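Got a structure for you, questions after.
The values are calculated or read from the model by the stated rules, or taken from the named source; none is laboratory data. Being a predicted model, the structure only gives us computed values, none of them experimental. Cβ: placed from backbone, ideal geometry, glycine included. Neighbour counts: every protein chain shown. SASA here: full protein model, heavy atoms, side chains in, ligands and nucleic acids out. Shrake-Rupley method; radii C 1.70, N 1.55, O 1.52, S 1.80 Å.
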Amino acid sequence: MTEAYIFDAVRTPRGKGKKDGSLHQATPVWLLRTLLKALEARNELDTSLVDDVVLGCVTPIGEQGADIARTAVLDAEWAQTVAGVTLSRFCASGLEAVNLAAAKVRSGLEDLVVAGGVESMSRWAMGSDGGAWIMDPRVNHKLGFVPQGVGADLIATLEGWGRTDVDAFAVRSHQRAAAARAEGRFAKSVVTVHDIAGLPMLAQDETIRPTTSLEGLAKLEPSFAAMGRMGFDATALRKYTTVERIDHVHHAGNSSGIVDGAALMLIGSAEAGAKAGLKPRARIKSMAVVGSEPTIMLTGPAPACRKALAKAGMAAQDIDLWEINEAFAVVPMRAARELGIDLDRVNVNGGAIAMGHPLGATGCLILGTLLDELERRDLSTGCATLCVGGGMGIATIIERV
């Protein structure tokens, strides 16, 4: 089977996902155009050599609808022979795009593919596209739907983690992200977004708070207690009968931030890379998706990682660094506990609690961050994983070359 290599990875900074955020005026297509042009310039890339652009977007409506991947290819003035497809696997969409691109290359059906994702959450709110999962009462009741925040609080209750535990994790996320930004660890991949006049809009991730403290976070009210009282706690407890009550510990400070952003990777075979004058940085060694319990919804990372590790003939201890998306503090905490790995090797440059979670882009984004850090530390292997809406998990293992 043909190997799939990562040749380059770029991302925008993550901008606050509100109307006063620095990227609010940048359309999703503009964010992608920025990155496509950066990939072309950085690699002196003949874009006619690219077969396809595979793009994740969780809310593919409005400006993000109508196959935004193809729209962005044309707007960036890439060769018109480059195709484009947009997909959604909820929060895993960006990593699913990478995995699909790798599968295309490994199968030999395509040779050079761009993969990634975009989400402009200040312009199109999460959930704007609806869906039976939330909007159809019959489906909602049958599947035991509860908001993910209630699921996160249920995990904390089941695992015995209190408010201080999850807040401490959040403080560490901000501290690590602040240190990484100050030391320029993100500079290799971050592309400044400029407006149409060429003026800079945003050059660095916007939501990192270096002064975050346990004392400050303790003042925040739980975000999901009211939802629980509306009936969602009761729905969850009907399934988790050993729990008497859910302790609501998550809030805006220890959950992923709402942001705008995009990320792309250039993936291909060794032969295609040589033809385009590209140097491989890493090999996509293994990848996996799993379904997990759909009410709690957030427990998929560990089984997805075990599946990917088994396919690679590896154990968790063989992985040098991990990126476990910080949808909520308990997600990486639980995954690390289940996998038996030390949090010192997890999200070493912070995560979505500090920098935000641009839904469709995050999977590709954290894989790029992982690759950069493996190179910086001269380490070999890394695994990126995310929990996924609807009760799923995804994981991708890479190995430097």
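Percent relative contact order of the chain, based on C-alpha pairs within less than 8 angstrom and at least six residues apart?
Details: 995 pairs, mean separation 110.7, N = 401.
Computed over the chain, the figure is 28 percent.
What would the Debye equation give as log₁₀ I(q)/I(0) for the stretch 60-171 at q = 0.16, 0.21, 0.22 Å⁻¹, counting only Cα atoms as equal point scatterers?
-0.97, -1.16, -1.21
Separate question: What is the distance in Å between the Cα centres of the stretch 122-201 and the stretch 10-45?
The distance from the Cα centre of the stretch 122-201 to that of the stretch 10-45 comes to 19 Å.
Ranked from the most accessible area to the least, with a 1.4 Å probe and all protein chains present, what is the order of M126, M392?
Solvent-accessible surface, decreasing: M126, M392.
Within the chain, what's the longest stretch lacking trypsin sites (Lys or Arg not before Pro) that sit in DSSP loops with no more than 12 other Cβ atoms inside 10 Å?
With trypsin sites (Lys or Arg not before Pro) excluded where exposed in loops, the chain gives 20-218 as its longest stretch.
Then there's this: Under DSSP H, which helices of the chain have Cα atoms covering 15 Å or more of the helix axis and a Kyte-Doolittle average no less than -1.0?
TM-like helix candidates: 28-43, 93-107, 148-159, 163-182, 301-312, 362-377.
For the chain, what is the mean residue ellipticity at 222 nm derived from helices alone (per DSSP H run of n ≥ 4: -39500 (n - 2.57); sum divided by total residues; nearest 500 deg cm²/dmol)? Spell out each step's value before the answer.
Working: 14 runs with 142 residues, N = 401.
Computed mean residue ellipticity for the chain: -10500 deg cm²/dmol.
Given a Förster distance of 35 Å, report the FRET efficiency between E183 and A252 from their Cβ-Cβ distance, rounded to the nearest 0.05.
0.85
Hey, what's the stretch 245-391 come to in accessible area per residue, 1.4 Å probe, Å²?
With the other protein chains kept in place, the stretch 245-391 gives 27 Å² per residue.
Something else about it: Considering every Cα-Cα pair within the stretch 111-258, what fraction, in whole percent, is farther apart than 19 Å?
67
Looking at the stretch 110-192, which GluC sites (Glu not before Pro) are DSSP coil and have at most 13 other C-beta atoms within 10 Å of their C-beta?
Details: sites: E110, E119, E159, E183; in loops: E110, E183.
Hits after loop and neighbour filter: E183.
In addition: Distance cut-off 29 Å, Cα to Cα: go down the list K275/K307; K104/K188; K37/K279 and report the pairs above it. Before the final figure, lay out the partial values.
Values: K275/K307 34 Å; K104/K188 27 Å; K37/K279 19 Å.
Violating the 29 Å limit, Cα to Cα: K275/K307.
What distance in nm lies between label points placed 7 Å from Cα along the C-beta direction at A315 and V401?
Here the modelled spin labels are 2.8 nm apart.
Right, something else. Could you grab the relative contact order for the stretch 1-84? Cα pairs under 8 Å, six or more apart, rounded to a whole percent. Working shown, then result.
On the way: 79 pairs, mean separation 23.8, N = 84.
Relative contact order, the stretch 1-84: 28 percent.
Might you tell me the accessible area per residue for the stretch 178-227, computed with a 1.4 Å probe and given in Å²? Walk me through the numbers before you get to the answer.
Working: 2970 Å² over 50 residues.
Ligands and nucleic acids excluded, the result is 59 Å² per residue.
Leaving ligands, DNA and RNA out of it, work out the accessible area of F224 with a 1.4 Å probe and give it in Å² to the nearest 10.
30
Quick one: accessible area per residue over the stretch 79-138, 1.4 Å probe, rounded to a whole number of Å²?
42
Something else about it: Treating the Cα atoms of the chain as identical point scatterers in vacuum, please give the log10 of the normalised Debye intensity I(q)/I(0) at q = 0.07 Å⁻¹, two decimals.
-0.29
Specify the inter-centroid distance of the stretch 209-242 and the stretch 353-387, based on alpha-carbon positions, in whole Å.
27
Expressed as a whole percentage, what fraction of the accessible surface of the chain belongs to carbon and sulfur atoms when a 1.4 Å probe is rolled over the protein heavy atoms?
Solvent-exposed carbon and sulfur of the chain make up 53 percent of the total.
Loop only per DSSP, at most 16 neighbouring Cβ atoms within 10 Å: give me the GluC sites (Glu not before Pro) in the stretch 5-65, ordered by residue number.
Here the GluC sites (Glu not before Pro) that fit, given the DSSP loop and packing criteria, are E44.
OK, next. Relative contact order (percent) for the stretch 318-380, with alpha-carbon contacts under 8 angstrom and 6 or more residues of separation?
Working: 43 pairs, mean separation 25.4, N = 63.
In percent, rounded to a whole number, it is 40.
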